[in-house]
Amino acid sequence: MKAAIVVEAGKPPIYGDFAVPTPGPGEVLLAVSTAALSNVVKSRAAGTHYSSSDQLPFVVGVDGVGRRADGSRVYFVLPRPPNGSMAEKTVVEPARCVPLPADLDDVTAAAIAIPGMSAWAALIERAKFTAGETVLVNGATGTAGRLAVQIAKYLGARRVVATGRNPDALGALSALGADATIPLGDGGASFEDALKREFGGAGIDVVLDYLWGPSAERVIVAGARAGKDAAPIRFVHIGAVSAPTITLPSAALRSSAIALMGSGIGSLPMDRLVQSIHDLMHAVVPGGFKIATQTVPLSDIERVWGTADTAARPVFRIG
């Protein structure tokens with residue numbers, strides 16, 4: 001069968017032939033229709049993600065949309081290595097499959113799952129968000145951040161505050177549900193003053209952080225300063241687009257009830273992760289969630305892999 005295959009550690013995948021997998025006990029064979037290219041897919045292929053495997057060769061891709069032998073359509077996640085989602089067929093445990101609503105198309109389902117789940121799981125499973133709370137999305141102009149704004153509003157956020165570096169992209173977030181925006185700029189005094197205003201007054205209940213690095217440091221400190229006499233602020237770290245580390249004053253934690261936590265593969269039991277994806281998929285159409293996509297054949301994997309990130313998420317049509 002045709003597949004996108006990593007044959008050498010640290011090298012991009014190639015388009016070639018890979019053996020059709022045989023389902024093991026408790027597994028199902030899926031005919032894959034679509035699979036999206038995401039940062040998680042790229043970093044796992046490069047061996048730099050914390051969930052990467054050193055097994056070579058392997059098929060790239062952590063999730064996709066496929067069909068069972070009976071023709072039923074499912075979203076699936078984390079096939080058994082060395083099989084991935086970017087192949088004509090793959091094998092996965094049934095518990096990692098989610099039946100798709102009839103009104104949700106394959107391309108949108110494949111594109112929205114990982115970035116959408118990052119916000120849904122962070123809010124519901126990690127932060128225990130409840131309707132009426134205020135959410136700050138740090139790094140809201142990327143694909144995942146834009147979805148986080150929409151999802152927070154759909155789940156009943158009273159107010160959504162968004163930060164971002166791109167002024168045009170930041171300005172467009174009001175149409176997606178952002179009630180206020182804060183330009184990151186150089187992360188200096190103007191950013192800190194804006195944070196102080198937002199954490200003051202009605203305050204912020206939940207922070208979804210896609211950036212880490214200096215902006216996350218300033219958000220945590222601002223929250224700690226404002227949260228001494230308020231309910232604990234739940235800061236959920238999701239991505240590290242800006243930097244892999246931060247420098248955090250210890251007083252920021254000792255002087256407040258701010259709670260720091262992460263959300264990602266490994267932070268949730270698999271059944272709760274799959275439930276988050278299920279709930280997300282059934283909310284996409286009712287919620288009117290928007291995600292830009294570009295559809296390409298799997299044979300273009302080598303060309304698309306090396307291109308710069310764009311606003312439209314690449315989705316490979318496979319079957």
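For the reader, a short list of remarks on this structure follows.
- Test: residue in the stretch 227-242 that is in a strand (DSSP E or B) and in contact (Cβ under 8 Å) with a residue 60 or more places away in the chain: yes
- Filtered residues of the stretch 150-170 (kept if part of a helix (DSSP H, G or I) and within 19 Å of K128 (Cα to Cα)): Q150, I151, A152, K153, Y154
- Residue in the stretch 255-273 that is surrounded by 15 or more Cβ atoms within 10 Å (Cβ to Cβ), part of a helix (DSSP H, G or I) and of a type outside the set (G, A, S) present: yes
- Where a residue in the stretch 252-271 is more than 30 Å from V92 (Cβ to Cβ) and its partner, wherever it lies, is β-branched (V, I, T), with Cβ under 6 Å and at least six apart: A252/I220; A252/V221; I258/I233
- Pairs where the first residue, in the stretch 99-121, is outside the structural domain of S38 (by TED's automatic domain parsing) and free of Cβ contacts under 8 Å to residues at least 60 places away in the same chain and the second is in a loop (DSSP other than H, G, I, E, B) and surrounded by fewer than 24 Cβ atoms within 10 Å (Cβ to Cβ), C-beta under 6 Å, 6+ apart: none
- The residues of the stretch 244-273 that are modelled with pLDDT of 90 or more, in contact with a helix residue (DSSP H, G or I) (Cβ under 9 Å, 6 or more places away or on another chain) and among the small types (G, A, S), listed by number, are G262, S263.
- Some residue of the stretch 60-70 being in the same structural domain as P297 (by TED's automatic domain parsing), surrounded by fewer than 18 Cβ atoms within 10 Å (Cβ to Cβ) and without any contact (Cβ under 8 Å) to a residue 24 or more places away in the chain: yes
- When each of L211, L173, L136, L147 is tested for being modelled with pLDDT of 95 or more and in a strand (DSSP E or B), the lone residue that passes is L136.
- All positions within the stretch 89-107 that are buried (at least 22 other Cβ atoms within 10 Å of the Cβ) and assigned to a helix (DSSP H, G or I): D106
- Hey, A311 of a type in the set (A, V, I, L, M) and more than 24 Å from P99 (Cβ to Cβ) or not: yes
The values are calculated or read from the model by the stated rules, or taken from the named source; none is laboratory data. The model shown is predicted, which means the values in this text are computed figures rather than measured ones. Cβ coordinates were reconstructed from backbone atoms using ideal geometry, including for glycine residues, and neighbour counts include every protein chain displayed.
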